[in-house]
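The values are calculated or read from the model by the stated rules, or taken from the named source; none is laboratory data. All values reported here derive from a predicted model rather than from experimental measurement. Reconstructed Cβ throughout: ideal geometry from the backbone, glycine too, with neighbour counts over all protein chains shown. These accessible areas exclude ligands, DNA and RNA; they are computed on the full protein's heavy atoms, side chains included. Shrake-Rupley method; radii C 1.70, N 1.55, O 1.52, S 1.80 Å.
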Amino acid sequence: MRSRDNPLSDTPEHKVEVRRSQRRHRTVTAYWDEDTLVVLIPARMTRAEEKHWVAEMQRKLLRTGPRRAAPPKASDEALLARCAVLSAKYLDGKAIPASVRWVPPMRTRWASCTPVDATIRVSDRLRRVPAWVLDYVLVHELAHLKEPGHNAAFWELVRRYPKTERAIGYLEGLSSAAGWGIAAED
């Protein structure tokens, strides 16, 4: 059924999944997971606010073209959305950061995580690496939300990402070639 009054009716059917988070206070994020629009909202939002934001995010994502996520290198919001996808795929959806942001190049790390407030910071140096390497770093930091240290349980979570060893090698080579001295496993 198509209608001129409903701009969304010209698109194929899709599912909408709303995820509420106690950690999320103001921001609303959305991304496509295959044919499902996933909308991340603060838990305190009313049903009316939820309905408004689902419609708004649906409109925005449909207007921008095909159903694909923004490249995570584009913005902090895109990084956060990518983390949601990676958490769902590799960490049972149980590692949800409150925020993820790009920061100026770090001296000794590719990224860092503060589990207490569920924040992740990613070095600007990673804007130039392949997406699969950035995904490894994000999975690594997301795993810290479940296991703060680098113990066996932590590495078991990280190694759910299939390109872990390859990405570690890439980062070690990049750090060595540039003379940065950044450890890939930290």
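Overview of values
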read-out: Among the candidates Val85, Val133, residue that is at negative phi, in contact with a helix residue (DSSP H, G or I) (Cβ under 7 Å, 6 or more places away or on another chain) and buried (at least 17 other Cβ atoms within 10 Å of the Cβ); value: Val133
read-out: Tally, over the range 105-119, of residues that are open to solvent by less than 30 Å² (accessible area, probe 1.4 Å), part of a loop (DSSP other than H, G, I, E, B) and either under 11 Å from Leu142 (Cα atoms) or of a type in the set (S, T, N, Q) (or both); value: 1
read-out: Answer residue from the range 33-52, given it is out of contact with any His (no Cβ under 8 Å at 6 or more places or on another chain) and either open to solvent by less than 60 Å² (accessible area, probe 1.4 Å) or among the β-branched types (Val, Ile, Thr) (or both) and is modelled with the lowest pLDDT among those; value: Val38
read-out: Hey, Val122 surrounded by 22 or more Cβ atoms within 10 Å (Cβ to Cβ), more than 17 Å from Ser175 (Cβ to Cβ) and under 15 Å from the mean Cα position of the chain (by Cα) or not; value: no
read-out: Which numbered condition Ala55 fails, given (1) open to solvent by 10 Å² or more (accessible area, probe 1.4 Å); (2) among the small types (Gly, Ala, Ser); (3) not assigned by the TED database to the domain that holds His25; value: (3)
read-out: In the range 82-104, residue nearest to Ser21 (Cα to Cα) [restricted to those that are of a type in the set (D, E, K, R) and part of a helix (DSSP H, G or I)]; value: Arg82
read-out: When residues of the range 151-161 are limited to those that are touching a helix residue (DSSP H, G or I) at 6+ places or on another chain (Cβ under 9 Å) and assigned to a loop (DSSP other than H, G, I, E, B), the one least open to solvent (accessible area, probe 1.4 Å); value: Tyr161
read-out: Condition check for Glu147: acidic (Asp, Glu), at pLDDT 90 or above and exposed (fewer than 14 other Cβ atoms within 10 Å of the Cβ); value: no
read-out: Test set (1) modelled with pLDDT of 85 or more; (2) of a type outside the set (S, T, N, Q); (3) assigned to a helix (DSSP H, G or I) - Leu8 fails condition number; value: (1)
